[in-house]
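Asker: Before I ask anything, here is the structure I am working with.
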Amino acid sequence: MAKPNKRLLRRFASDWMAEHWRLFALGALFSAITAIAVASYGLMVKTGLDWLSATEYGQSDVKIPLLNIVVPSGKMIWLLPCAVIGFATIRSISLYVQTILNNSAVQKGLVSVQDALFSRLIEGDYKRLTAAASGEFVSQFINDMNLVREAALRIATNLIKGVLTVLACVITMFWYDWALALMVLVVYPIAFAPVVEIGNRLRKVSKAAQQQTGEMTALLNEGFQGGRTSKAFNLEEYQNARAHAGFMERARLYLKVLRSKALVDPLLEIVGGAALAGVFAFTGWRIMNGEATVGDFGGFIAAIGAASPEVRALGTLNAVANEGLAAIERIYAVLDAPDEVADKPNAKTIVDVKGGLKFENVSFSYGDQSVLNGLNFSAKPGETIALVGPSGAGKSTVFNLALRFFDVSDGNVKLDGADIRDLQRQSLRNQMSLVSQDAFLFDDTIRTNIALGKMDATEAEILAAMDAAACEFVHDLPEGLDTQAGEGGRNLSGGQRQRIAIARAILKNSPILLLDEATSALDAASEAKVQKALENLSKGRTTLIIAHRLSTVRSADKIFVFDQGQVVEEGNHETLMQNDSAYADLVKLQVSN
Ligand SMILES: Nc1ncnc2c1ncn2[C@@H]1O[C@H](COP(=O)(O)OP(=O)(O)OP(=O)(O)O)[C@@H](O)[C@H]1O
Ligand SMILES: [Mg+2]
């Protein structure tokens, strides 16, 4: 296990952090300055204590350690406090600068990680987006990023500062009393073994905790978005119970992680206590034998005091780093997962297709659920064809396949005779305008929502598209085109959303039009108008219409009746009515209602 993780860490560092090495290097420099300033405390304590005991015994001179100069006792009264203040100032400034530098580097790196993760998800496979709960992705951006940030910062900050401080303290300790220093050095590492073990255990538990956080995010999202349904059905209790179960599970996993984590500090506390006891006993004995001074003792204690927080931080660093590593693992799992639906290396870029669309013997299933079974139909360039049939028959799925959100499991889909798997996906989708059944809008202005069909559209083009899609209602909104659509478009009515989505598709002006229940939510007057506009629009374009309301497909060149993933009947309205079979039955049913 250890090796691949190390490799992952190296990969993470070189992918995202290495480019900010200048900031990290400067941070390290200031870490070193901080470390030296901290270690100097011990020296000052030793000097101070030696001075005080010298003064107590009536001696007039004090030897300054390291510098090896002799200072008259009277001068020490201002020299020492000045030195203490000087070093404290250096230490605080360098600490501050180091913190800012390391944070800047890590934040910059994390922006790139988030960019990469987001675009990987958005540009990647549609299948993956629909396969996992969206909360899991959200949680990756919030929780995993926090864990990585914490780990990267701790490594950048604690590792260098900690190691250097401990090193500087250890060196001064050896200088005071090598035998004592040796003793402390032996005790510490023995005590560290369990701390490292805890870090490893933590990684496994934190994985489960993260997964659960993803589920929680999804649950909360759903809870707030489903407000309308939950109120209408008095589902507050049901919602509360679902959320409560999630909260309980979260608490359980949190405590599980904490039980390991909480051991680290007490363990280190014991080690610190043992070290202090040892120093008392040993130095006391040496001072009694005249082999050490009170200053040595003080300096030693000060050095341990200065090194202890750093040792403690280094002790917990392993645990934090392991949590960060788990998050990095999850991030790379997303980044590295291959797309099932991907462009071939030599995929052809298409422009201005004629628009012949053909499904040949297409079978398809979502996972285990088979939806299409040997489906055959085709639309000649410029033709308008309609797909009708019962709910769940697989009509919207046909659009998903035409746009290549998924690949067929058998048979093929051809555009102008070319298998769409040989075409570059973006260029394929550029040829098609979809008005989807859910008429999804982004939480942006209505203007932007329409302009998404053609990013460089002029105001006149936007207005023309709106006019064709019967969007006059927009002008009556308080902020007109600049009205915010709300999350998913919830500030607008279903029919209004549909008309915006149609305006967007009209603006896109592509050779193939895919209309999935595009006018289902409109009133009769708006529908008549939009229908007219769509009919105009469909002239010279291949148009596929899915509709339950059969009056809207009457004029289609060809109608395909779907059932259970197959075409059971085809023809135009007149021939199908003469057949007096499935389609005729549906029409009669709708008319009689
Ligand atoms: N993303 C998905 N994952 C799994 N199953 C799906 C998915 N989308 C649709 N299905 C299933 O595929 C079947 C066909 O769905 P599809 O949306 O194509 O039906 P439809 O003919 O458009 O129905 P409707 O008229 O109600 O819109 C349904 O049984 C549905 O449960
Ligand atoms: Mg559908």
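Asker: Sort out for me the Cα centre separation of segment 514-564 from segment 429-459, rounded to whole Å.
Answerer: 19 Å
Asker: What is the distance, in nm, between label points placed 7 Å from the Cα along the Cα-to-Cβ direction at Ser493 and at Glu19?
Answerer: Here the modelled spin labels are 4.9 nm apart.
Asker: Now for a different question. Mind pulling the angle between the C-alpha long axis of helix 2-12 and the longest principal axis of the chain? Nearest 10 degrees, somewhere in 0 to 90.
Answerer: That helix lies at roughly 70 degrees to the long axis.
Asker: I would also like to ask the following. With a 1.4 Å probe and every protein chain kept in, tell me what percent of the accessible surface of segment 340-438 is carbon plus sulfur.
Answerer: Ligands and nucleic acids excluded, carbon and sulfur reach 44 percent.
Asker: Just report the Cα centroid separation between segment 324-384 and segment 242-292, whole Å.
Answerer: Taking the Cα centre of segment 242-292 as reference, the centre of segment 324-384 is 55 Å away.
Asker: Viscosity 1.002 mPa s, temperature 20 °C: give me the Stokes-Einstein translational D for segment 270-337 in µm²/s, with Rh taken as the Kirkwood radius over C-alpha pairs.
Answerer: Once the numbers are plugged in, D ends up at 143 µm²/s.
Asker: If you take the square roots of the eigenvalues of the alpha-carbon gyration tensor of segment 209-358 and sort them as a ≥ b ≥ c, do you get rounded (a/c under 1.5), prolate (a/b over b/c) or oblate?
Answerer: Oblate, because a/c is 1.5 or more while a/b does not exceed b/c.
Asker: Go ahead and estimate [θ] at 222 nm for the chain from helices alone: -39,500 (n - 2.57) per DSSP H run with n ≥ 4, summed, over the residue count, rounded to 500.
Answerer: Details: 20 runs with 369 residues, N = 593.
For the chain, the value works out to -21000 deg cm²/dmol.
Asker: Sticking with this structure for a sec: With a 10 Å radius around each residue's Cβ, average the other Cβ atoms per peptide and rank 114-124, 132-142, highest first.
Answerer: Per-residue Cβ counts within 10 Å, averaged per peptide and sorted highest first, yield 132-142, 114-124.
Asker: Another question, then. Relative contact order for the chain using alpha-carbon pairs under 8 Å, separation at least 6, rounded to a whole percent? Could you put the intermediate results ahead of the total?
Answerer: On the way: 864 pairs, mean separation 85.8, N = 593.
Averaging sequence separation for qualifying contacts and normalising by length gives 14 percent for the chain.
Asker: Give the angle, between 0 and 90 degrees and rounded to the nearest 10, that separates the Cα long axis of helix 145-154 from the longest principal axis of the Cα atoms of the chain.
Answerer: 20 degrees
Asker: Where a Cα-Cα gap under 16 Å defines reach, which lysines qualify for Lys261, not counting those fewer than 8 residues away within the same chain?
Answerer: Output for Lys261: Lys204, Lys207.
Asker: Return the inverse of the average 1/r over all pairs of distinct C-alpha atoms in the chain, which is the Kirkwood hydrodynamic radius, in Å to one decimal.
Answerer: 30.2 Å
Asker: Taking the square root of 5 times each eigenvalue of the Cα gyration tensor, what semi-axes in Å does the equivalent ellipsoid of segment 445-593 have, largest first?
Answerer: Taking √(5λ) for each eigenvalue gives 32, 16, 13 Å, largest first.
Asker: For segment 333-391, what is the accessible area per residue in Å² when the probe is 1.4 Å?
Answerer: 54 Å²
Asker: Sticking with this one: Pairing the Cα long axis of helix 236-288 with the longest principal axis of the chain, what angle in degrees results, from 0 to 90 and rounded to the nearest 10?
Answerer: 20 degrees
Asker: Can you tell me the dipole magnitude for the chain around its Cα centre, using point charges on the Cβ only (Lys, Arg +1; Asp, Glu -1), in Debye to the nearest 20?
Answerer: Dipole size: approximately 1440 debye.
Asker: While we're on this one: May I ask you to list the GluC sites (Glu not before Pro) in segment 449-506 that are in a DSSP loop and have at most 13 other Cβ atoms within 10 Å of their Cβ?
Answerer: Those satisfying the criteria are Glu472, Glu479.
Asker: Please give the charge dipole size of segment 285-393, origin at the Cα centre, charges +1 on K and R Cβ atoms and -1 on D and E Cβ atoms. Round to the nearest 20 debye.
Answerer: The calculation lands at about 320 debye.
Asker: Compute the distance in nm between two label points, each set 7 Å from the Cα along the Cα-to-Cβ direction, one at Lys127 and one at Val71.
Answerer: It is 7.5 nm.
Asker: Considering only DSSP beta bridges with both partners in the chain, what is the antiparallel share in %, to the nearest 5?
Answerer: The antiparallel fraction comes to roughly 55 percent.
Asker: Give me the extension gain from Phe224 to Val84: residue separation times 0.36 nm, minus the current Cα-Cα distance, reported in nm with one decimal. Before the final figure, lay out the partial values.
Answerer: Values: separation 140, 0.36 × 140 = 50.40 nm, distance 5.71 nm.
Length difference between fully extended and current span is 44.7 nm.
Asker: How much of the accessible area of segment 2-335, probe 1.4 Å, is carbon plus sulfur, in whole percent?
Answerer: That share works out to 68 percent.
Asker: As I understand it, the dipole of the chain uses +1 on the Cβ of Lys and Arg and -1 on the Cβ of Asp and Glu, about the Cα centre. Which of Ala262, Gly214, Ser538 lies farthest toward its positive end?
Answerer: Ala262
Asker: Determine the alpha carbon to alpha carbon distance for each of Lys508/Lys529; Lys414/Lys529; Lys6/Lys127; Lys231/Lys256 and list only those over 27 Å. It would help to have the intermediate numbers written out before the result.
Answerer: Working: Lys508/Lys529 19 Å; Lys414/Lys529 33 Å; Lys6/Lys127 31 Å; Lys231/Lys256 36 Å.
Going by Cα-Cα distance, Lys414/Lys529; Lys6/Lys127; Lys231/Lys256 fall outside the 27 Å limit.
Asker: Is the C-alpha gyration tensor of segment 1-56 telling us rounded, prolate or oblate? Criteria: a/c under 1.5 is rounded; beyond that, a/b larger than b/c is prolate, otherwise oblate.
Answerer: oblate
Asker: What residues have an amide H closer than 5 Å to that of Ile559, excluding those fewer than 5 places away on the same chain, when H is modeled at 1.01 Å from N in the peptide plane?
Answerer: It is Ala386, Gly571, Asn572, by chain and number.
Asker: Considering only protein heavy atoms, what per residue accessible area in square angstrom results for segment 113-165 with a 1.4 angstrom probe?
Answerer: Using a 1.4 Å probe on heavy atoms only, each residue of segment 113-165 averages 45 Å².
The values are calculated or read from the model by the stated rules, or taken from the named source; none is laboratory data. Small disclaimer: the values here were computed from a predicted structure and weren't measured. Note that each Cβ is placed from the backbone with ideal geometry, even for glycine, and that neighbours are counted across all protein chains shown. For accessibility, only protein heavy atoms count, side chains too; no ligands or nucleic acids. Shrake-Rupley method; radii C 1.70, N 1.55, O 1.52, S 1.80 Å.
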